[in-house]
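The values are calculated or read from the model by the stated rules, or taken from the named source; none is laboratory data. Please read all numbers here as calculations on a predicted model, not as lab measurements. Positions of Cβ are generated from backbone atoms using ideal geometry, with glycine treated the same way; all protein chains shown enter the neighbour counts. These accessible areas exclude ligands, DNA and RNA; they are computed on the full protein's heavy atoms, side chains included. Shrake-Rupley method; radii C 1.70, N 1.55, O 1.52, S 1.80 Å.
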Amino acid sequence: MSNIRVAVIGAGIGGLTFCVALGKQPNIKVDIYEAAREFGEVGAGLGMWYRTQQIMAKLGLHKDLEDLADGAKKGAAEVTFRFRKSDQPEGLTYHHMKPKGALWAFHRANFQKTIISHLPPSCTSHFGKRLVSYDDPASGPITLRFTDGTTAECDVLIGADGIKSAVRDIMFANLAKEGKLSKGEATRPTPAWSGTVAYRGMISKERVEAKAPGHRALTQDVAYCGKNKHLIVFPVNNGAQINVFAFCSDMTKEGTQYSEDSKDWSVDVPKEELLQQYEGWEPEVMALLECIDIPTKWAIHMITPLSTFVSGRVAILGDSAHAMTPHVGSGAGQAIEDAYILATLLASPACTPASLPRVLQIYDTVRRPQANDVWRRSRANGMTYEFASAGGETLAKMAAEAEENYDWAWKTSAEPDKEEALSMLSNL
């Protein structure tokens, strides 16, 4: 069994899960390079559906995450999301969604800490390492160069460095130089604004109880829907906090560059701005929003579906490969699925240093269509939540469409994809 050195750029959920998935392979040495000075996760809540829960069980993470997750104790027949039409003084519940396995909800930082606690001894973490360039020659090791002037070598490079991925930028610039991009495809795919901003806030249980005793958000996951706007609300940290995502969209701006000057596409805004956006909505929505003292406004960006996730001995995963809107709650789940399939291929005895380019092509063949399909479903659901679909559908029809775009996440498994990938590898 040949030894393989793997370099992972980015210590987010996808990169860390990939390292855990490779952890028990004695012939694989993993180095993870993170630009920050320590492990950290940006964002608030994170959801996990049954398809991803099954992967975590395969990786030995299920028990720890089950203990951490809100919603893990719900039975299969219990409601996960209640959909309400809320852009009016008196709201109306129009659908109950009852998925298999329920939705597991986490505070993102707590989720990441759990993954880190399972990192294997074969994985070495390096901080303050921002990639500048890499060389992937026809033979010999890949050379990595970082902004601090240091270099490193590996046999395979994995870009898990998010929507602003340096690995993706370099990969596509190289593919353009080699004439391997389709006509009209961007030399360097850049993040595009989805036309949506999300106001985010975490509210303590006590604050909500004091403002609105018995508020449904204290115990329920709710999707409050209306024209061009919607909110996703669910408890986290064993019900100690309520996670609020309040979305506002202008679909005529989809695919444009975000106009506000904010380096990280996020900025704290006055509470009054948020309240004004939802003026006229039902009282229980306004009660929640009034509890958010300093909302953070995020511009939701995406990467238009790519023609490849790999080049030579380099692959990208997670938001680097398919950053999507959050409207099926599966961005993190898709990164985990990438990590699971790719790690399975690299861990196979059939994978050798010589076969690495072909192994990565198998990953691309199996994962890219699936991830791009979820990207499409998420975009469609965002429009459905905000009554933007053409044809004036009824609430019942819109609810059915939304649930259809979700149900793959609890009615299907990643195992057939894994087996397909391994079968393709065995036929090399």
Residues in region 186-221 that are closer than 30 Å to residue 321 by Cβ and of a type outside the set (Ser, Thr, Tyr) total 13
Among the residues of region 355-366, is any within 24 Å of residue 81 (Cα to Cα), assigned to a helix (DSSP H, G or I), hydroxyl-bearing (Ser, Thr, Tyr) and modelled with pLDDT of 95 or more? no
Filter region 196-233 down to residues that are within 30 Å of residue 259 (Cα to Cα) and hydrophobic (A, V, I, L, M, F, W, C), then give me how many there are. 9
Please count how many residues of region 379-395 are in contact (Cβ under 8 Å) with a residue 24 or more places away in the chain and either under 16 Å from residue 367 (Cβ atoms) or open to solvent by 20 Å² or more (accessible area, probe 1.4 Å) (or both). 6
If you go through region 391-411 one residue at a time, do you hit one that is acidic (Asp, Glu), within 18 Å of residue 326 (Cβ to Cβ) and touching a His at 6+ places or on another chain (Cβ under 6 Å)? no
Output the number of the condition that residue 101 fails; it satisfies all remaining conditions of (1) buried (at least 17 other Cβ atoms within 10 Å of the Cβ); (2) closer than 24 Å to residue 25 by Cα. (2)
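Of everything in region 122-137 that's touching a residue at least 12 places away in the same chain (Cβ under 8 Å) and open to solvent by 40 Å² or more (accessible area, probe 1.4 Å), which residue is nearest to residue 174 (Cα to Cα)?
Only one residue fits best here, namely 136.
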Is it true that some residue in region 279-301 is surrounded by fewer than 24 Cβ atoms within 10 Å (Cβ to Cβ), over 21 Å from the mean Cα position of the chain (by Cα) and more than 27 Å from residue 206 (Cβ to Cβ)? yes
Filtering region 83-117 down to residues that are within 24 Å of the chain's Cα centre (by Cα) and assigned to a loop (DSSP other than H, G, I, E, B) yields 98, 99, 100, 101, 102, 103, 117
Please list, ordered by residue number, the strands (runs of 3 or more DSSP E) wholly in region 122-237 having 3 or more residues that are over 19 Å from the mean Cα position of the chain (by Cα) and closer than 28 Å to residue 31 by Cβ. 123-127, 131-135, 142-146, 151-154
Of all residues in region 396-416, which are closer than 30 Å to residue 351 by Cα and crowded, with 18+ Cβ neighbours inside 10 Å? 409, 414
Given (1) surrounded by fewer than 19 Cβ atoms within 10 Å (Cβ to Cβ); (2) modelled with pLDDT under 85; (3) at positive phi, identify the lone condition not met by residue 60. (2)
Residues satisfying the stated conditions in region 21-46, i.e. open to solvent by less than 20 Å² (accessible area, probe 1.4 Å) and under 30 Å from residue 244 (Cβ atoms): 44, 45, 46
Let me spell it out: the conditions are (1) in a helix (DSSP H, G or I); (2) under 29 Å from residue 144 (Cα atoms), and residue 417 meets all of them except one. Which number is the exception? (2)
For residue 150, work out the one condition from (1) farther than 30 Å from residue 305 by Cα; (2) crowded, with 20+ Cβ neighbours inside 10 Å it doesn't fulfil. (2)
